[in-house]
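Single-structure report; data block below.
Laboratory data are not the source of any read-out in this text; all were calculated from the coordinates shown. Because the structure is predicted, anything quoted here is derived from the model rather than measured. Cβ atoms come from the backbone with ideal geometry, glycine included; neighbour counts cover every protein chain shown.
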Amino acid sequence: MKKADSHTPKPDAQQAAPGVAGIAAPAAEMTPEQLADLKVRAAKADEHWDRLLRTAADFENFKKRAARERQEAAQSATAALIHKLLPVLDHLEMAQSAAQNAQGDKLTALQDGIALIQQQLRGILTETGLEEVDANSQPFDPTLHEAVSQLEIADIPEGQVVQQIRKGYKMRDRLLRPATVVVAKKPATPPATPPDA
């Protein structure tokens, strides 16, 4: 049994819907009002297209300007920090040349001078928002500390930092470098000895 052919020819799109909104009827069948309406719509479409192109160009210019301003701000901040660090570099160079001839009392003065330079550098970095992460005798916090080993010790609670190997630093709320630490753990209990038989 043959199935009936379900394909029936469709009328021409122009015959089916002459003058339907969005589909222009052939020019021969257009009334002057329809032609005028079509011209108005075409003018509005051109206007919207121009506005879209201008907006896209403005947005591209905005993106480029914002990227340039971010880069300039970063360079300005870096230049300001370097400007503050230059005296520290000068003092370290003076300390290095003084260290070549340091003996006796001069050695003590040199050590004091280096301590002052370290204090100056720490002050500049603190001023920019740098904070030390002090891990000594603190409970181990994986968000601030990096454990490199564990030490079996009985008199310190398990999970507490026993030794800080390297300081950690934060800049405001952002961790720059975790503190490297050794963490306490309970000593392994020796195996129970069986009672004498």
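Assorted remarks:
- Those residues of segment 49-87 which are more than 29 Å from the chain's Cα centre (by Cα) and among the hydrophobic types (A, V, I, L, M, F, W, C), in sequence order: W49, L52, L53
- Members of segment 102-142 found to be among the hydroxyl-bearing types (S, T, Y) and closer than 20 Å to L92 by Cβ, listed by number: T108, T126, T128
- Number of residues in segment 161-184 that are more than 30 Å from the chain's Cα centre (by Cα) and surrounded by fewer than 16 Cβ atoms within 10 Å (Cβ to Cβ): the value is 1.
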